[in-house]
Amino acid sequence: MNTNADLLKELRIDRSPGPPPSRKGLWITLGAIAIAVVLALAAWLLLGRAKPVPVQTATAASLATGSASASVLDASGYVVARRMATVSSKVTGRVREVLIEEGMRVETGQVMATLDPIDADAARDLARSQLAASRSQVGSVRAQLDEAEAQAKRLESLVGQQLVSRAQFDQAIASRDSLRAQLATAQRNAQVASDQLHIYEIGVDNTIVRAPFSGVVIAKAAQPGEIVSPLSAGGGYTRTGIGTIVDMDSLEVEVDVGESYIGRVQPKMPVEATLNSYPDWKIPAEVIAIIPTADRGKATVKVRVALKEKDARIVPDMGVTVSFLEKAPEPDAEPRRGVRVPAAAVVQRDGVDAVFVVGRENIVELRKVQAGNTVGGNREVESGLAPGETVVVSPPQGPDRRHDHHHRHAMTRDV
């Protein structure tokens, strides 16, 4: 039986160091803590941060660099020449000399090329010889006629005196009339020979290719030694032209306007054209005519636009964007302040006009602006927005707070 002292000894605390913890348990503990941190961070990213919203964007354009008049319609087209020709020879022949190069300016009647004139020269020389022979025959018949007329006059006086018979006088008259007929025939033959010579001289001139009008050479098609023919009689190895020239004064713009918008375009309507190669150059223009036919496949109507400025930078087949204006811009008007954005970019927030502006790192913020008139799908912003800034078109409805935004490349229109 234990005493109280023995019981007290059993209640003593054992303060001796226990066995060290295992390394495996320590790694398990650290792994659990890391997993918990990762899960907490993922939950914050998924739940505590707003999801990116895909939107359409546009760039604010300055009203000072644009037209002083509002645009009612924008369209695209190409520069075309109303007067352009591929110059060829009128006859088939071998090219002897080509006197043009691409980019060279030629005047009306200037020689562009010459063909080998050997055959034409030979035909002309033969016609000259035939004309000379005809004229010689005319001279011979005229001399015989003069003698016959003198003989008939002498016999006429003698027959009255009954010194010669009436038969001799009648024979002299018949000879004179015959020679008169022969002279008329010889003279007609000489005229025919002269006309034939003129034709062969034209044939020689046809071996010289001249410019039909003043313009600039845009293509050189033939080289010396090649055969050229207006009918391409020699097949694939025969050239049909010497070169192509364009009258740069006849340049204009042709645009395709959708059938739904053609009602906005009228003849003599002011237009502002912008070449794709020179986007900062605004060219004043004017509607010439609306072609009275439509393209069934594209559902468009072709419109001709005249350029009021002539410049060497404008060349055929250049891409161009045109803006049909309400009225012609005033040349002395002061530059307008403000920018132009799509009308759908301006929204109402708390009773005032505002736009969502894309800042750095694609962060979108709400900005209050002072908006103006709406014309042709665009709206003028008088203050609060600078040119070149990117705005959101048709922003989604939601709280007015900053949120992330994905920039979508497929834009309906870049203003």
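The values are calculated or read from the model by the stated rules, or taken from the named source; none is laboratory data. Computed from a predicted structure; not experimentally measured. Cβ sites come from the backbone with ideal geometry, for glycine too, and all protein chains shown count toward neighbours.
Filtering the range 265-322 to residues that are surrounded by 15 or more Cβ atoms within 10 Å (Cβ to Cβ) and not in a strand (DSSP E or B) leaves 265, 269, 314, 315, 316, 318. Find the residue count for the range 344-399, including only residues that are in contact with a helix residue (DSSP H, G or I) (Cβ under 9 Å, 6 or more places away or on another chain) and not in a strand (DSSP E or B). The qualifying residues number 4. Taking the range 186-223 as the range and being surrounded by 15 or more Cβ atoms within 10 Å (Cβ to Cβ), out of contact with any Asp or Glu (no Cβ under 6 Å at 6 or more places or on another chain) and among the small types (Gly, Ala, Ser) as the test, the residues that pass are 186, 190, 193, 194, 203, 211, 221, 222.
Identify the residue in the range 309-335 that is acidic (Asp, Glu) and touching a strand residue (DSSP E or B) at 6+ places or on another chain (Cβ under 7 Å) and, among all such residues, is modelled with the lowest pLDDT. Give the derivation first.
So in the range 309-335, the residues acidic (Asp, Glu) come out as 309, 311, 317, 326, 330, 332, 334.
Applying the additional criterion that residues be touching a strand residue (DSSP E or B) at 6+ places or on another chain (Cβ under 7 Å) yields 309, 317, 326.
Details: 309: 90, 317: 91, 326: 78.
Step by step, filter the range 309-335, then rank; the result is 326.
If you filter the range 144-165 down to residues that are in contact with a Leu (Cβ under 6 Å, 6 or more places away or on another chain) and touching a residue at least 24 places away in the same chain (Cβ under 8 Å), you find that the one that is farthest from residue 189 (Cα to Cα) is 148.
Return a yes/no flag: does the range 235-243 have any residue that is out of contact with any strand residue (DSSP E or B) (no Cβ under 9 Å at 6 or more places or on another chain), of a type outside the set (Lys, Arg) and within 30 Å of residue 106 (Cβ to Cβ).
The answer is yes; a qualifying residue exists.
Of the numbered criteria (1) farther than 18 Å from residue 96 by Cα; (2) touching a Ser or Thr at 6+ places or on another chain (Cβ under 6 Å), the one residue 212 fails is (2).
Which residue, of 179, 155, 183, is surrounded by 16 or more Cβ atoms within 10 Å (Cβ to Cβ), in a helix (DSSP H, G or I) and at pLDDT below 85? None of the others qualify; the one that does is 155. Annotation for the range 120-143: at least one member residue is more than 17 Å from residue 185 (Cβ to Cβ), in contact with an Asp or Glu (Cβ under 7 Å, 6 or more places away or on another chain) and either without any contact (Cβ under 8 Å) to a residue 24 or more places away in the chain or of a type in the set (Lys, Arg) (or both). A residue that is β-branched (Val, Ile, Thr) and either within 20 Å of residue 103 (Cβ to Cβ) or assigned to a loop (DSSP other than H, G, I, E, B) (or both) can be found somewhere in the range 197-208. Here residue 387 fulfils each of the conditions (1) under 30 Å from residue 75 (Cα atoms); (2) loosely packed, with under 13 Cβ neighbours inside 10 Å; (3) not polar (S, T, N, Q) apart from (2).
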